[in-house]
Amino acid sequence: MEFVIQILKYVIFTGIGILGLGFLIGFHELGHFLFCKLFKISTPSFSIGMGPKIFSKKIGETEFSLSAIPLGGYVEIAGNQEVGQGEQKEALRDDERSFNNKPYYQKLLVMLGGILFNLAFAYFAFIVLYKVGIPKIALLFPEEQQVIIKNVTSGSVAQEAGLMPGDKIEEILYSKNDCIAKEVINNIPEFVGIIKGLPYQKVTLFVKRGDETETINMVLSNLDSDGQPNMGVEFNVSGDLPTLEPRGWLESVKEGISATNYLIAKTVASFKNLISRNGIKRVGGPLLIIKEAVKSAEKGYKMFLILLGLISINLAVLNLIPFPILDGGQIAVVSVESLIRRKLPEKAKTAIHVICWVLILGLMAILTFWDVKRMFI
């Protein structure tokens, strides 16, 4: 009976996690859709999900569809041909309700609509979280994170020294500028700040393992491509977190906006990992995103809302990249066409879209491979 209950809970939380991701995608597409309606641009179809359709209903001129797996989606915009976006029955439409015949600022706002809606959701989510009492997650409250090791990389200096998952680093003894120093470690940023200045140096760590204190001697390695100490450990930042006291509405709005702005800046900075030497191995793919969504759903609505806010920010930033099949690429195309005052050749745009889809699908395959390796191997 216990096993059956656990399975049911897992199925329920998996469903909640996937629905949450589907909601973000649908909300993104809703931004495009509403700006189209605002500027009287025809939208023949609005589809969420992939796989077999489980629901379809035509309301006005738009056929709304929901597929079995609520991941992915699109709004068909009349007069705007996009490879891989449904049947595109009205892609070549050229009348007063065509995207092509609208002024540049309207085209720009239609393409920015999804990004603006994702950012709006993130601001809303974090304002609400500060109002009800936000868990002190590592990204926003690094000073609250104890230095507890979650994983140790095989073959790393940490493994060779004897560090183990569950170890809590409490003190560090090191030599710098011919002086011996011993410092108490209170949080992860404090620890990282110390060892960042000690590449290739011998240090002694005092760690709590169960009820015992262990002494670990190790030689630190150099810094990785991101300028962080490459010890070969991952710290546990997902345990039971303290919660900030609920704020009043005015303070919640102020702190929620500030936190969202900070996370947007961090997300933009983190995208450089995609082009670093080992960046592709650090980026979460679809399986890992779903796994994290399920885990956060199990921890309650606050952690789930935090994750949805973070994913929404990532969707917004990702779509700003000027890649042809992303909103940023569409913005670049309409901007160039407005500048040169003529449309780019459709064959050229189609060829670029096909190549980009191949690259994206290849990237998804690679990310899925690394997800499987991280989760099961």
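The values are calculated or read from the model by the stated rules, or taken from the named source; none is laboratory data. Just so you know, these numbers come straight off a predicted model, no measurement behind them. Using ideal geometry, Cβ is built from the backbone for each residue, glycine included, and neighbour counts are taken over all protein chains shown.
Here's the yes/no breakdown for (1) at pLDDT below 70; (2) of a type in the set (A, V, I, L, M); (3) buried (at least 17 other Cβ atoms within 10 Å of the Cβ):
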{"site": "V317", "(1), (2), (3)": "no, yes, yes"}
{"site": "Q330", "(1), (2), (3)": "no, no, yes"}
{"site": "I340", "(1), (2), (3)": "no, yes, no"}
{"site": "T350", "(1), (2), (3)": "yes, no, no"}
{"site": "H353", "(1), (2), (3)": "yes, no, yes"}
{"site": "G362", "(1), (2), (3)": "yes, no, no"}
{"site": "K373", "(1), (2), (3)": "yes, no, no"}
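Could you list all residues from segment 171-180 that are within 14 Å of T215 (Cβ to Cβ) and surrounded by fewer than 16 Cβ atoms within 10 Å (Cβ to Cβ)?
E171, L173
Could you give every pair whose Cβ atoms fall below 7 Å, whose first residue belongs to segment 326-346 and is in contact (Cβ under 8 Å) with a residue 40 or more places away in the chain, and whose second residue is surrounded by 14 or more Cβ atoms within 10 Å (Cβ to Cβ) and in a loop (DSSP other than H, G, I, E, B), counting only separations of at least 6 or pairs across chains?
Taking only residues 6 or more apart or on different chains, the pairs are E346/Q81.
Taking into account only those residues within segment 26-57 that are modelled with pLDDT of 90 or more and basic (K, R), which is farthest from the chain's Cα centre (by Cα)?
If we take residues in segment 26-57 being modelled with pLDDT of 90 or more and basic (K, R), then K40 is farthest from the chain's Cα centre (by Cα).
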